[in-house]
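Have a look at the structure below before the remarks.
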Amino acid sequence: MARAGINIHVELDRRALNWFQREAPQKLETAKKRVVEASGMVWADRAKSITREENHIDTGLYINSIGYSTGGSPSGKPINEIQNEGNQTVLKIGADVAYAIYLEKSYAIFARALDTSQERMQNVAATQVINTLGL
């Protein structure tokens with residue numbers, strides 16, 4: 001599995017952060033998880049768009065297996081695993097079809113999706129923090 005990624009950085013006022021850590025630490029954890037989930041969805045949507053726009057495949061199995069389940073085909077299970085590693089929340093995301101690696105090697109779909117969706121990911125992350133924490 002390829003290791004690549006980006007870091008999403010969201011800043012909170014020190015007083016606000018201290019208050020949430022003291023009074024509502026679970027809200028911080030929920031916000032962090034929502035940031036990671038929403039950012040993964042942005043990436044997956046972009047990877048799916050690149051695949052469709054450039055006509056890399058002729059079936060929906062690959063597209064439906066990228067990133068998150070849309071309730072479609074049960075044969076493709078998206079790779080979407082969230083893990084807490086110290087102060088970081090890490091999302092392992094991808095496509096669970098045998099030929100995904102060949103498409104990535106040929107067309108760099110996932111890498112380009114990551115490169116072209118970073119600004120939107122950052123915006124979605126900020127929105128998730130604001131909404132979850134009620135700021």
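Annotations for the structure displayed:
- Projecting the Cα atoms of Tyr68, Gln122, Leu28 onto the charge dipole of the range 7-135, computed from C-beta unit charges around the Cα centre, puts Leu28 farthest toward the positive end.
- Contour excess over end-to-end distance, with Cα ends at Ile130 and Leu61 and 0.36 nm allotted per residue: 21.3 nm
- Whole-percent carbon and sulfur share, accessible surface of the range 19-135, 1.4 Å: 49 percent
- Accessible area of the chain divided out per residue, in Å², using a probe of 1.4 angstrom: 64 Å²
- Rounded to the nearest 10 Å², the accessible area of Ile79 at probe 1.4 Å: 40 Å²
- DSSP H segments from the chain that extend 27 Å or more along their own axis, Cα-based, with Kyte-Doolittle mean of -1.0 or above: 25-53
- Between Leu17 and Thr30, the distance separating the two model label sites (each 7 Å from Cα on the Cα→Cβ line) works out to 2.1 nm.
- Compared with the alpha-carbon gap, the fully stretched path from Ile101 to Ile79 is longer by 6.6 nm at 0.36 nm per residue.
- The Cβ shell under 13 Å around Ala108 holds other residues with a net charge of 0, Lys and Arg each +1, Asp and Glu each -1.
- Ranked by solvent-accessible area (1.4 Å probe, protein heavy atoms only, all chains present), the residues Lys48, Lys92, Lys77, Lys105 order from largest to smallest as Lys105, Lys77, Lys92, Lys48.
- Cα-centre dipole for the chain with unit charges at Cβ (Lys and Arg positive, Asp and Glu negative), debye to 20: 280 debye
- Number of Lys pairs (Cα under 27 Å; 8 or more positions apart or on different chains) in the chain: 13
- The GNM of the chain, with springs linking C-alpha atoms under 10 angstrom apart, assigns the highest mean-square fluctuation among Ser49, Ser65, Ser106 to Ser106.
The values are calculated or read from the model by the stated rules, or taken from the named source; none is laboratory data. This is a predicted model, so every value here is computed, not measured. So basically every Cβ, Gly included, is an ideal-geometry build from the backbone, and we count neighbours across all protein chains shown. Remember, those area values only see protein heavy atoms, side chains included, never the ligands or the DNA or RNA. Shrake-Rupley method; radii C 1.70, N 1.55, O 1.52, S 1.80 Å.
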